[in-house]
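The values are calculated or read from the model by the stated rules, or taken from the named source; none is laboratory data. Owing to the predicted nature of the structure, the values given are computational and were not obtained by experimental measurement. Don't worry about glycine lacking a Cβ; one is built from the backbone with ideal geometry, like all the others, and counts go over all protein chains shown. For the accessible areas, the whole protein counts, side chains as well, though only heavy atoms, and no ligand, DNA or RNA atoms are used. Shrake-Rupley method; radii C 1.70, N 1.55, O 1.52, S 1.80 Å.
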Amino acid sequence: MDFIILLLKQNILMFLYLLIGYFLFRKKLIGISGSADIGRMLLHIVMPAAIIKAYMTSYTPERLIGLVLSFLAALLALLLAIFISRIFFKKEQAIERFGAAFSNAGFIGIPLVQMTLGEEAVFYISSFVALLNILQWTYGVFILTGDRNTFSFQKLRTNPVILSFLGGLLLFFLPVRLPDLLTGMIGSLAAMNGPLAMIVLGTYLAQVSPGSLFKERLAYRSSFVRLILIPVLTIILLGFFPAEYHTLKLAVLIAASAPIGSNVAIFAQLYGQDYTQAVKEVCLSTLLCMITLPLITGLADYIL
């Protein structure tokens, strides 16, 4: 029960950040280009800092086992999500397939895990975020375009999330300690991840009329698959992992239970899909996750 209450409090806090973004956009204090700039800062600086910070910890055999298990759990959870999204959405429903398969694990999952389970748990969720980015730029691009030739290894090699994951692993395995000044800077940047991500999502919400948002049947269906069906099946999957890795399982589940990733809107713009529909689904699932995420993870805390 304490865990559910803590998650509810953090969700309320993140909702308040979302309202800040909403009103900033409505009052014309920030525009579309400004929110896009903040999004780029999140992707290239803030989220990589959060991932690197998670790996700035001493190497131990126990942590190595946890790292391997978290990678395996993340891979299986993502493959499960991809499989379910293919069952529930047709090939023509590319935005829904993409959105249901890929959660907002980086912008919402990491800060929630950080605030509820602690820094150690971010160590586990980082594998999920890195794998998610790899799959988005490969399988995800193929979903939206239907053309394997649009995939570029160059984009994958220069992806800041993947690079920060690899850099974090080096810090974990090598007996290297960063200067205190640099450590403090990385920690300060990492703390910005949750607030800035929700402010950007608030600007997305401000671009959609409430009437159209809550009347979109396909958006509700996509949200149901992303927020309820996939997380419930992920709980069953995580039940096969050792009971002593309770925190690891909760961290992976929070990532798997996060709403539709905001990247679906960015990718929709890049590859000629319906950007407005993508924004509606991101916003609706983000609002609904304020209710579903505490319930799903609270249930898992009791079962797992």
Fill in the blank from the handout: Full extension between ARG26 and GLU119 adds, at 0.36 nm per residue less the Cα distance, a length in nm of 30.0 nm
Practice task
Specify the residue with the greatest mean-square fluctuation among GLU120, GLU216, GLU96, computed from a Gaussian network of the chain linking alpha-carbon atoms under 10 Å apart.
Solution key: GLU216
Problem - More than 22 Å apart - percent of Cα-Cα pairs taken over the range 1-141 - result: 52 percent
Problem - Neighbour count of at most 15 Cβ within 10 Å plus DSSP loop: longest trypsin sites (Lys or Arg not before Pro)-free window in the chain - result: 216-304
Problem - Residues in the range 209-225 that a label on LEU8 would reach, taking backbone N under 16 Å of a point 7 Å out along Cα→Cβ - result: none
Completion exercise
Comparing PRO231, PRO179, PRO294 in a Gaussian network model of the chain (Cα, 10 Å), the one with the largest mean-square fluctuation is PRO179
Handout entry: Unit charges at the beta carbon, dipole of the chain: most positive-side option, PRO160, GLY272, ILE65
Key = GLY272
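Sorted by accessible area (1.4 Å probe), largest first, how do PHE23, PHE88, PHE172 line up?
In descending accessible area the options line up as PHE23, PHE88, PHE172.
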Problem - Subset of LYS249/LYS280; LYS27/LYS155; LYS90/LYS215; LYS27/LYS280 violating a 24 Å alpha-carbon distance limit - result: LYS249/LYS280; LYS27/LYS155
Handout entry: Charged-residue dipole, Cβ positions (Lys, Arg, Asp, Glu), the range 75-204 about Cα centre, Debye nearest 20
Key = 440 debye
Problem - Dimensionless Rg over Rh [the range 65-187; C-alpha; Kirkwood] - result: 1.02
Exercise for the section: For mean projected area of the Cα convex hull in nm², several values are listed as (1) 14.3; (2) 15.2; (3) 25.6; flag the one computed from this structure. Expected result: (2)
Practice task
Determine the calculated [θ] at 222 nm for the chain from helices alone, applying -39500 (n - 2.57) to every DSSP H run no shorter than 4 residues and normalising by the residue count; nearest 500 deg cm²/dmol.
Solution key: -23000 deg cm²/dmol
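Once whole DSSP H runs in the chain are found, which of them have Cα atoms spread over 27 Å or more along the helix axis and a mean Kyte-Doolittle score of at least 0.0?
Values: long enough: 2-26 (36 Å, 1.58); 61-88 (41 Å, 2.00); 275-303 (39 Å, 1.12).
Answer set is 2-26, 61-88, 275-303.
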Fill in the blank from the handout: Subtracting the Cα-Cα distance of PHE214 and ASP147 from 0.36 nm times their residue separation yields 20.8 nm
Exercise for the section: Among GLN277, GLN136, GLN269, determine the one that fluctuates most according to a GNM of the chain built with springs between C-alpha atoms less than 10 Å apart. Expected result: GLN269
Exercise for the section: At q = 0.16, 0.18, 0.30 Å⁻¹, what is the base-10 log of I(q)/I(0) for the range 10-68 according to the Debye formula with one equal point scatterer per Cα and no solvent? Please give it to two decimals. Expected result: -0.72, -0.80, -1.10
Problem - the range 155-178-the range 63-120 distance, computed between alpha-carbon centres (Å) - result: 20 Å
